[in-house]
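**Student:** Supplied in structure tokens, the structure appears directly below.
Bear in mind these aren't lab numbers, they're just calculated from the coordinates by the rules spelled out. The structure presented is a predicted model; accordingly, all values stated were derived computationally and were not measured. Here the Cβ is made from the backbone with ideal geometry for all residues, glycine too, and neighbour counts use every protein chain on show.
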Amino acid sequence: MHRRGHGIGAIKNKNLAQARYKDKGTLLAEDQFAQMAKQMETFRGHLEEFAAKHKDDIKKDPQFRIIEVCLATSHRNGGLIGLEELRDRLVASRGKRSQDISLDDVFCAIKKLKVLGNGFTVIPVGKTYLVQSVPGELSMDHTTVLQQAQEKGYVTKTDLLTKLKWEEERAVRTMNFMVKEGLAWIDDQAKERQYWFPSFFPYNTFAA
Amino acid sequence: MHREMEDFSWPWQYQFPPFFTIQPNSDTRKKQLEAWCALVLSYLKQKKSHSVDVTEIQNSPLFNNKEINRKLPPDGVYAVFEELQKKGHLEWKDQKTRKQCLIMWRTPEEWGKMIYDWITSKSMTNTVCTLYELSNGDDSEGQEFHGLEKWLLLRALQTLEQQGKAEIINFDGNEGVKFF
């Protein structure tokens, strides 16, 4: 088995970490650092052992499975998933013998996640909710756009200017952010550019 | 649409209007092109077709979803084809004008492996057969490579040759292959 903590990769990482500490104005002595690295290694080993030992229990845990679904779908929706879609995928992943999962069940599980500080946020949009699982700041403006987009699955700049009474610069800045974060895709084959959110787009299969 | 495409399952992206606009965000564009590549390959696999005319395919349902009134523009199609070329799935018949190409939804290496595995399973190593027998004979009926076009069969066998698993030969005026 490959021995961790040795080899070129480990040395490179160590040098990088040393450099980072130096940048922060903290000088660690060589052997202090070596000791820290060793402790980290040991800790990581224990954690992996724990995870392997309790793999089945962990997999049954609703919080874990919510994180799993969010991670699995984030490449499609940028880390914003609709509450119903999340529930449907959880039910599907459980198989026939399981009990049904209600939206409330999902909601409660997410609340627990928030307490753990996992960076999960719930955003109300119209009659439903979006669950955000990627770290990063979504401002009030971003949330407002999401609420606006929930109706048709997309927004246009004109929507923001007329319905929200925003100024041009604010609308452009907000939409650029959402495109940059991978939350929105652009469609240039309509009368005006449309910003679509995969998070709101109906999905037909659970294929990745 | 032709009958063989009746049960073709389109990915969710095909109904998603922005899929037909090349995305400015590079991460999103990367995902988009990957999805297009996968769609092109599975579409042509369903049609069992390798030979592609760019103009014709641009206007086909593949790049043109009439239901949502969206069409991938020519530079988008070429971006997808460039990606396929990089991955070894596409070859231009006319590199300069780029109007005709061959799209191999299964690479020659993959075909070669499939054929060799089959040969081994039938204990047909150290035997000789003609190319025609191999791809069109009764024995290979039901195998995926049955009916494989000759140019692609040859490419596949050439990859086996490079691995020392076969030799393309000529006997009695027939093109054939010996497996080791």
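**Student:** Gap in Å between the Cα centre of the range B:32-62 and the Cα centre of the range B:78-144?
**Tutor:** 17 Å
**Student:** List the pairs from B:LYS87/B:LYS150; B:LYS48/B:LYS96; B:LYS47/B:LYS150; A:LYS55/A:LYS111 whose alpha-carbon separation is above 19 Å, in the order I gave them.
**Tutor:** B:LYS87/B:LYS150; B:LYS48/B:LYS96; A:LYS55/A:LYS111
**Student:** Something else now. If the only charges are +1 at each Lys and Arg Cβ and -1 at each Asp and Glu Cβ, what is the size of the charge dipole of chain B around the Cα centre, to the nearest 20 debye?
**Tutor:** Magnitude of the dipole: close to 740 debye.
**Student:** So, one more: Suppose R0 equals 22 Å; then what is the FRET efficiency for B:LYS150 and B:ASP7 from their Cβ-Cβ distance, rounded to the nearest 0.05?
**Tutor:** 0.15
**Student:** For B:PHE171, B:PHE63, A:PHE107, B:PHE179, which order do you get if you count the other beta carbons within 10 Å of each Cβ and list the fewest first?
**Tutor:** So the residues, fewest neighbours to most, are B:PHE171, A:PHE107, B:PHE179, B:PHE63.
**Student:** Give the order of B:LEU44, B:LEU90, B:LEU102 when sorted by the count of other beta carbons within 10 angstrom, beginning with the fewest. Working shown, then result.
**Tutor:** Working: B:LEU44 19, B:LEU90 22, B:LEU102 16.
Listed from fewest to most nearby Cβ atoms, that is B:LEU102, B:LEU44, B:LEU90.
**Student:** If R₀ is 51 angstrom, what is the calculated FRET efficiency for the pair B:ASN136 and A:ASP31, using the beta carbon separation as r and rounding to 0.05?
**Tutor:** The formula returns an efficiency of 0.10 here.
**Student:** Set the bar at 18 Å for Cα to Cα. Now go through B:LYS113/B:LYS165; B:LYS66/B:LYS99; A:LYS127/A:LYS191 and name every pair that lies beyond it.
**Tutor:** The answer is B:LYS66/B:LYS99; A:LYS127/A:LYS191.
**Student:** Please name which of B:VAL52, B:PHE8, B:PRO24 has its Cα lying farthest along the dipole of the range B:1-64 towards the positive end, using unit charges on Cβ (Lys, Arg +1; Asp, Glu -1) and the Cα centre as origin.
**Tutor:** B:PRO24
**Student:** Another question, if that's okay. Let me have the 222 nm mean residue ellipticity of chain B computed from DSSP H runs of 4+ only, each contributing -39500 (n - 2.57), with the sum over all residues rounded to the nearest 500.
**Tutor:** Rounded to the nearest 500, it is -12500 deg cm²/dmol.
**Student:** Starting from the amide H of A:GLY82, placed 1.01 Å from N in the peptide plane, find each other amide H under 5 Å away whose residue is 5 or more places distant or on another chain.
**Tutor:** Counting only residues 5 or more places away or on other chains, the set is A:VAL131.
**Student:** Let me ask another. In which sequence would B:THR125, B:THR97, B:THR159 go, from the one with the fewest C-beta neighbours within 10 Å to the one with the most?
**Tutor:** Starting with the residue having the fewest Cβ neighbours, the order is B:THR97, B:THR125, B:THR159.
**Student:** Here's something else I'd like to know. Inverting the mean 1/r over all pairs of different Cα atoms, compute the Kirkwood radius of the protein assembly as shown and quote it in Å.
**Tutor:** 25.8 Å
**Student:** What is the mean number of Cβ atoms from other protein chains located within 10 Å of the Cβ atom of each residue in peptide B:27-40, rounded to a whole number?
**Tutor:** Numbers: counts 5, 11, 1, 0, 4, 1, 0, 1, 1, 0, 0, 0, 0, 0.
Partner Cβ neighbours, averaged per residue: 2.
**Student:** Another question about this same structure. Return the Rg/Rh value of the range A:27-205, two decimal places, where both radii are evaluated on C-alpha atoms and Rh is the Kirkwood radius.
**Tutor:** Numbers: Rg = 20.6 Å, Rh = 18.8 Å.
Rg/Rh for the range A:27-205 comes to 1.10.
**Student:** Sticking with this structure for a sec: Using the alpha-carbon centroid of each, what span in Å lies between the range A:60-91 and the range A:118-187?
**Tutor:** The range A:60-91 and the range A:118-187 have Cα centres spaced 20 Å from each other.
**Student:** Quick one: dipole size for the protein assembly as shown, taken about the Cα centre, charges +1 on Lys/Arg Cβ and -1 on Asp/Glu Cβ, in debye to the nearest 20.
**Tutor:** Roughly 1240 debye, rounded to the nearest 20.
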